[in-house]
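Some notes on the structure that comes next.
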Amino acid sequence: MPDRIPLVAGNWKMNGLRADGIALARDIAARAAAPHRCDLLVCPPATLLAAVGAALAGSGVALGGQDCHAAPSGAFTGSTSAEMLKDAGCSHVIVGHSERRHGLGESDSDVRAKASAAWRAGLIAIVCVGEMQAEREAGRAVAVVSSQLAGSVPEGATADRLVVAYEPVWAIGTGLTPTTADIVEMHAAIRGRIPAGARILYGGSVNPRNAAEILALPEVGGALVGGASLKAEDFWAIAAACG
Ligand code: PGA
């Protein structure tokens, strides 16, 4: 399989009202008309999927959800199914983000069910994994992430429908990042546990200043960007750092 170009994905989290979300999406769409060496994905909050999808139409920038329910429909107040995301124009969905694993108590088996739901609906699942600070300090980072992968990635994974995002919990939104050696070690460990050719993104405090160095590392197939994806200029600078 030929090497994939990197994927730079913006996770807007619970940020954005209609006016600023549409303006941000339009700005990204306009910048994406220039040549670039990565695939681009924007994951806005569910309330903005339709408006952001419309603003991105024709730009080549893909649309994704930030989470999905495992069931296709039913009595699950407040939840959004993978089928609904697909229907809203999404091609991807993030599952198992640490803010859901650690903030909302999602287990590996919850994440696995959501990834299966994504595939059932025809979406690409971006499965997030990552260790806590104490786990890294105890020398257990690779073991923790390996165990998360074993529990969270369903049978039948292929490079076309699985993306793994390595996001150390302590690096998310903190301005801290692992050493490049630690990123390389972890991505190599992940590579041995997922189908050949599947992208492995790094996430956690990626910004325009560190993006080029991180994106150039072996086995780093792109970035999952939180805070810096809320400014078109910064998001684009990260995209432009793909070599
Ligand atoms: P951050 O978030 O870039 O703000 O650290 C990354 C993420 O949570 O996906």
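The values are calculated or read from the model by the stated rules, or taken from the named source; none is laboratory data. Only a predicted model underlies this, so the values are computations on that prediction, with no experimental measurement involved. Neighbour counts are summed over all protein chains in view; Cβ atoms, including those assigned to glycine, are modelled from backbone coordinates with ideal geometry. All accessible areas refer to the heavy atoms of the entire protein, side chains included, with ligands and DNA or RNA removed. Shrake-Rupley method; radii C 1.70, N 1.55, O 1.52, S 1.80 Å.
Give the whole-number value, in cubic angstrom per residue, of the convex hull volume spanned by the C-alpha atoms of region 124-238.
So the per-residue hull volume is 96 Å³.
Report Rg(Cα)/(2.2 N^0.38 Å) for region 11-64, keeping two decimals.
1.03
For region 142-157 and region 69-101, what is the centre-to-centre distance using only Cα atoms, to the nearest Å?
Centre-to-centre distance over Cα atoms comes out at 20 Å.
Using amide H atoms built 1.01 Å from N in the peptide plane, name the residues 5+ places from Leu201, or on other chains, whose amide H lies under 5 Å from its own.
Val164, Ala165, Tyr166, Gly221
Could you work out the per residue convex hull volume over the alpha carbons of the chain, in cubic angstrom? List each step's numbers first, then the result.
Values: hull volume 28.0 nm³, N = 243.
Convex hull of Cα atoms, per residue: 115 Å³.
Which order do the peptides 183-196, 211-224 take when ranked by the mean count of other beta-carbon atoms within 10 Å per residue, highest first?
Highest mean packing first, the order is 211-224, 183-196.
So what is the accessible area of the chain per residue, in Å², with the probe set to 1.4 Å?
Numbers: 10480 Å² over 243 residues.
Heavy-atom accessible area per residue stands at 43 Å².
Going 7 Å from the Cα of Leu217 in the Cα-to-Cβ direction, what parts of region 3-26 have a backbone nitrogen less than 20 Å from that spot?
The answer is 4-11, whose backbone nitrogens lie closer than 20 Å to the label point.
Restricted to Cα positions, what overall size does region 33-173 have along the principal axes? Three whole-Å values, descending.
Largest to smallest, the principal-axis extents are 47, 43, 29 Å.
Can you list, by residue number, the Cys in the chain that have no neighbouring cysteine C-beta under 4.7 Å?
When partners are defined as cysteine Cβ atoms under 4.7 Å apart, the chain leaves Cys43, Cys68, Cys90, Cys128 without one.
If we count every other residue with Cβ under 12 angstrom of Leu7's Cβ, Lys/Arg +1 and Asp/Glu -1, where does the sum land? Please list the in-between numbers first.
On the way: positive: Arg4, Arg37, Arg199; negative: Asp39.
Value of the local net charge: +2.
Excluding Asp108 itself, what net charge comes from residues whose Cβ is under 13 Å from its Cβ, given Lys and Arg +1 and Asp and Glu -1?
+2
Take the alpha carbon atoms of region 179-204, find their center, do the same for region 12-41, and report the distance between the two centers in whole angstrom.
26 Å
How much accessible surface does Leu176 have with a 1.4 Å probe, in Å² rounded to 10?
80 Å²
Could you work out what % of the accessible surface of the chain is carbon and sulfur, using a 1.4 angstrom probe and leaving DNA, RNA and ligands out of the count?
Solvent-exposed carbon and sulfur of the chain make up 54 percent of the total.
Show which aspartates and glutamates lie in cross-link reach of Lys231 when reach means a straight Cα distance below 17 angstrom and same-chain residues fewer than eight apart are skipped.
Correct list for Lys231: Asp20, Asp27.
If R0 is 30 Å, what FRET efficiency do you get for Glu137 and Arg37 from their C-beta distance, rounded to 0.05?
After rounding to 0.05, the efficiency reads 0.25.
Excluding Ser146 itself, calculate the net charge of residues whose Cβ lies under 11 Å from the Cβ of Ser146, where each Lys or Arg counts +1 and each Asp or Glu counts -1.
+1
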